[in-house]
Amino acid sequence: MLSMRLNIGIIKGDGIGPEVVTEAMKVLDKVGEVYGHEIVYTQLLMGGASIDVHGIPLTEETIQKAKQSDAVLMGSIGGDAKTSPWYQLEPEKRPEAGLLKLRKSLNLFANLRPAVLYEELEDACPLKKSITQGGFDMVILRELTGGLYFGNRSTSEVNGVLTACDELLYTEEEIRRVAKRAFEIARKRRGKVTSIDKANVLDSSRLWRKIVEEVAVEYPDIQLEHMLVDNCAMQLVKNPKQFDVILTENMFGDILSDEASMVTGSIGMLASASLNETKFGLYEPSGGSAPDIAGKNIANPIATILSAAMMLRFSFDLNQEADAIEMAVKRVLKEGYRTIDIMSDGAIEVGTQEMGSKICTYIEA
């Protein structure tokens, strides 16, 4: 077994962030103990926690320390928009602005969100059991730094009528790099990529489809299919088991990944990663900072723990260690342990810290 030194930046975030990140670190420490790896953490501030100390959501020092890390594990940032003083600041100084700036500074162009329905949690899924029996496991890969959200935008008066315009712009290089990442991820999974576009209407989607097909030639072992975005939205609730890796552009991915998260039954189970062209990634739970339950030891840490597993898999190529975490999560669920958000009749309710400790007990080489 080859031991490694893992340099991990830690952004504990706001709300429940520090609680769930602490449990993920506990699990990583257990992995390091079992597999012989040295894990070195660098604590970083971002979001509301950074505003409280520095007056801004992200400092240049944090950006540089993040760049010096092999990967960054992060808790959700932000607070209650109605009551938090952070939201009395101008938009560019609010917590979420720090996250957008960090993604851009680190060139995190690929957002990876698994949507997994564990068989033990089928009752939490809003879909009927005939669809979900046996669970499902897909990943949505969303292009994160291009498209409609980053194009030019304007609002002006044209012939006496207020008119708004948003530009959807993609280059072939932007499409090619995220497509390559999708095919590489499919090689670590079940070997299928479903590319989502609106090629029957949009020029940007026609270019998207053309470039994805060119990239597919380099991956003859991977099955490629194309699907229009409206059909994909329907298929996610009709037959989610058909999907392995879903590849799509920024706005479509924003919408579809939220839909996929809901059909799993609990956003507290969903990990995510934002990757650049190297092995570096920013890993975080898909859910928010939930300030209303912060400090109560009831938050579900599993999404953050699974994000840590993704970090081991994609930034360090430690597939066996990532598998060990994922199997430990499954065993704990199979034994009936649940945090309050995924409770069901006959299950055993545990708190944040106990869930992290239970998962640690099943980390095995």
Highest-first arrangement of 331-344, 113-126, 291-304, where packing means the average Cβ count within 10 Å: 291-304, 113-126, 331-344
T278 paired with L89, simple spin-label distance in nm, labels 7 Å along Cα-to-beta-carbon: 2.8 nm
37 °C / 0.692 mPa s Stokes-Einstein diffusion coefficient of the stretch 1-118, Kirkwood radius on C-alpha pairs, µm²/s: 213 µm²/s
Within a Gaussian network of the chain (alpha carbon springs, distance under 10 Å), most fluctuating of T83, T132, T264: T83
The stretch 1-147, relative contact order [Cα under 8 Å, separation at least 6], %: 24 percent
Ratio Rg/Rh, restricted to the stretch 269-337 and using Cα atoms, in which Rh is the Kirkwood radius: 1.03
Mean shadow area of the chain, taken as a quarter of the surface of its Cα convex hull (nm²): 19.9 nm²
Residue of M138, M234, M74 that the Gaussian network model of the chain assigns the largest fluctuation, springs spanning Cα pairs under 10 Å: M234
Highest to lowest packing among 21-33, 169-181, scored as the average C-beta count within 10 Å: 21-33, 169-181
Local electrostatic count at S272 - Lys and Arg +1, Asp and Glu -1, tallied over other residues with Cβ under 11 Å: +1
Gain in span if fully extended, D221 to R189, counting 0.36 nm per residue against the direct Cα distance: 10.3 nm
Listed pairs K82/K128; K101/K279; K210/K279 exceeding 31 Å between Cα atoms: K82/K128
Flagged links, alpha-carbon separation over 28 Å, of K30/K238; K180/K358; K192/K238: K30/K238; K180/K358
Label-reachable residues, the stretch 145-189, where backbone N falls under 17 Å from a point 7 Å from E214's Cα toward its Cβ: 170-183
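Bear in mind that the values in this text are calculations on the coordinates, not laboratory data. The shown structure was predicted, so the numbers you read here are calculated from the model rather than taken from an experiment. Glycine also receives a Cβ, built like all others from the backbone with ideal geometry; neighbour counts cover every protein chain displayed.
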